[in-house]
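Every number here is computed from the coordinates shown, using simple stated rules; none is lab data. In this text the structure is predicted, and so the values were computed from the model without any measurement. Neighbour counts run over all protein chains shown; Cβ positions are idealised from the backbone, glycine included.
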Amino acid sequence: MELKLEAVTVEFHRGERQRHQALKEVTFSLQAGEAVALLGPTGAGKSTLLRVRAGLVKPTAGRGSGRQDGAVALAIQEPDRGFFAATVREEVQFGPDNLGLSNKESAARVDWALQLVRLPVAKWEVSPFQLSGGEQRRVALASVLAMRPRILLLDEPTIGLDRAGKEALIFILQRLIKEEGIGVLIASHDPDFLYAVTRRVLLLEQGVLRADGPWGRLGEDLASFAALGLKLPLLLAVLRELKAAGAPVNPEQDSAAEAKEELRKLLRHQREGVVYN
Ligand SMILES: Nc1ncnc2c1ncn2[C@@H]1O[C@H](COP(=O)(O)OP(=O)(O)OP(=O)(O)O)[C@@H](O)[C@H]1O
Ligand SMILES: [Mg+2]
């Protein structure tokens with residue numbers, strides 16, 4: 001399955017006469033199983049782009065919306081606003097039930113999803129409102145995972161997560177991408193998290209798609225990054241600095257795993273006494 005946006009423009013009304021273009025002719029596509037990061041300063045249009053794709057916002061012009069039988073699911077920025085069921089279990093089961101699955105199968109999906117996000121079993125039968133912010137985010141994520149979408153849209157999924165929660169989320173997403181072949185599009189202000197999970201990055205600035213490519217080949221777009229006050233993932237920045245200092249490293253690494261391997265290679269070289277200047 002492929003996700004496509006073609007020249008999508010979204011215009012919001014601000015009062016009687018004022019209009020604001022949150023997205024301006026944005027075009028991109030995401031292949032099945034691809035993991036893509038959505039970066040940009042606050043107000044750039046990231047959430048709007050995800051909402052268009054999830055069918056929650058209608059584009060003013062262009063094409064690219066429509067929810068197809070749970071094929072695309074969105075976890076929103078503030079999950080607590082959306083809870084409605086009496087217990088966590090019922091909350092997560094709502095989606096699968098709506099897909100017309102048997103009760104047994106939806107219950108199995110709930111178990112699978114809640115285990116995947118590592119919510120302690122003791123919390124499965126309480127009200128979602130009795131959970132902490134980080135736990136609520138896990139429930140919101142479990143709710144979309146239980147739909148088993150082919151494409152997962154995540155809006156700021158690391159907000160409210162502690163370090164362990166973030167690492168667990170990275171692990172979950174890596175597994176889903178690798179083992180289940182699902183595609184993900186993630187909006188976040190956390191470059192290190194995004195680099196750990198995705199291989200390609202979209203850069204939005206005031207509704208305009210400024211860059212689209214693999215992490216390792218940001219090249220000229222690095223200037224846009226800096227101008228927007230955005231930070232590169234730490235691993236990428238370190239590789240670039242080492243290269244600038246004359247170290248024999250290739251900073252064009254598309255994922256955190258590959259960047260780490262490049263650093264290990266450098267360490268091995270050093271131990272073997274390779275001299276560089
Ligand atoms: N429902 C709406 N009505 C009017 N304007 C809106 C609406 N939703 C978003 N906007 C405007 O569209 C622009 C983009 O908003 P959006 O939420 O997509 O930004 P974002 O990149 O997700 O920002 P953040 O990083 O803060 O989450 C903002 O200027 C915002 O004020
Ligand atoms: Mg947002």
Quiz item: Hey, if you put +1 on the Cβ of every Lys and Arg and -1 on every Asp and Glu Cβ in region 233-277, which of Asn250, Leu267, Leu239 ends up farthest toward the positive end of that dipole?
Solution: Leu267
Quiz prompt | Residue-wise HN-Hα coupling along region 201-207, computed from phi with Karplus coefficients 6.51, -1.76, 1.60 (Hz; x: Gly, Pro) | solution = 10, 9, 10, 9, 9, 6, x
Practice problem: Using Cα pairs closer than 8 Å and at least 6 residues apart in sequence, work out the relative contact order for region 112-254, in percent. | Solution: 17
Quiz item: What's the exposure ranking of Val88, Val238, going from fewest to most Cβ atoms within 10 Å?
Solution: Val238, Val88
Practice problem: Pull up all non-local amide H partners of Thr60: gap of 5 or more, or a different chain, and H-to-H distance under 5 Å with H placed in the peptide plane. | Solution: Thr9, Val10, Glu11
Exercise. Could you tally the net charge around Glu205, taking each other residue with its Cβ under 14 Å from the Cβ of Glu205, Lys/Arg +1 and Asp/Glu -1?
Key: 0
Exercise. For region 233-277, count the residues as N, evaluate 2.2 N^0.38 Å, and divide the Cα radius of gyration by that value, please.
Key: 1.08
Quiz item: To the nearest 20 debye, what is the magnitude of the charge dipole of region 233-277 about its Cα centre, counting +1 on the Cβ of each Lys and Arg and -1 on the Cβ of each Asp and Glu?
Solution: 200
Quiz prompt | Computed E for Glu6/His189 - FRET, C-beta separation, R0 35 angstrom, nearest 0.05 | solution = 0.85
Quiz item: Viscosity 0.692 mPa s, temperature 37 °C: Stokes-Einstein D of the chain from its Kirkwood Cα radius, in µm² per second?
Solution: 164
Quiz item: Looking only at Ala54, Ala226, Ala140, which one moves most when the chain is put into a Gaussian network model with springs between Cα atoms under 10 Å?
Solution: Ala226
Quiz item: What angle do you read, to the nearest 10 degrees and between 0 and 90, between the alpha-carbon axis of helix 103-116 and the longest principal axis of the chain?
Solution: 30
Exercise. Go through Pro96, Trp112, Gly219 and say which Cα lies farthest out towards the positive end of the charge dipole of the chain; charges sit on Cβ, +1 for Lys and Arg, -1 for Asp and Glu.
Key: Gly219
Practice problem: Could you work out the per residue convex hull volume over the alpha carbons of region 163-272, in cubic angstrom? | Solution: 123
Quiz item: Taking K and R as +1 and D and E as -1, what net charge do the other residues with C-beta under 14 Å from the C-beta of Asp192 add up to?
Solution: +2
Quiz prompt | Charged-residue dipole, Cβ positions (Lys, Arg, Asp, Glu), the chain about Cα centre, Debye nearest 20 | solution = 140
Quiz item: Considering only the chain, what is the antiparallel percent among its DSSP beta bridges, to the nearest 5?
Solution: 50
Quiz item: Label Arg217 and Leu267 with points 7 Å out from Cα along Cα→Cβ: what is the distance between them in nm?
Solution: 3.0
Practice problem: In whole Hz, with x marking every Gly and Pro, tabulate ³J(HN,Hα) for region 135-151 from phi via Karplus 6.51 cos²θ - 1.76 cosθ + 1.60, θ = phi - 60°. | Solution: 5, 4, 5, 5, 5, 4, 5, 4, 4, 7, 5, 5, 6, 6, x, 7, 10
Quiz prompt | Tail weight of P(r) past 23 Å, computed on alpha-carbon pairs of region 83-199, percent | solution = 26
Quiz item: Taking the Cβ-Cβ separation of His13 and Arg63 as r and a Förster radius of 22 Å, what is the calculated FRET efficiency to the nearest 0.05?
Solution: 0.55
Self-check item: Filter on Lys24/Lys58; Lys24/Lys46; Lys243/Lys265; Lys46/Lys231; Lys166/Lys243; Lys4/Lys46 - keep pairs with C-alpha separation over 20 Å
Solution: Lys166/Lys243
Quiz item: Once you put a point 7 Å from the Cα of Arg163 and another 7 Å from the Cα of Arg175, both along the Cβ direction, what distance in nm separates them?
Solution: 2.2
Quiz item: Under a 5 Å amide H to amide H cut-off, with H placed in plane at 1.01 Å, what residues pair with Val184 once short-range neighbours are removed?
Solution: Glu34, Ala35, Val36, Leu152
Quiz item: When only Cα pairs under 8 Å and 6 or more residues apart are kept, what is the percent relative contact order across the chain?
Solution: 21
Quiz prompt | Average Cα contact separation per residue, region 233-277, under 8 Å, 6 or more apart, as relative contact order % | solution = 39
Quiz prompt | Most positive-pole-ward Cα, Ser29, Ala196, Ser127, against dipole of the chain from beta carbon charges | solution = Ser29
Quiz item: Residue by residue, what Karplus-based ³J(HN,Hα) values in Hz, rounded to whole numbers, does region 21-34 have, using 6.51, -1.76 and 1.60 with θ = phi - 60° and x for Gly and Pro?
Solution: 8, 7, 9, 10, 6, 7, 10, 6, 9, 10, 7, 4, x, 8
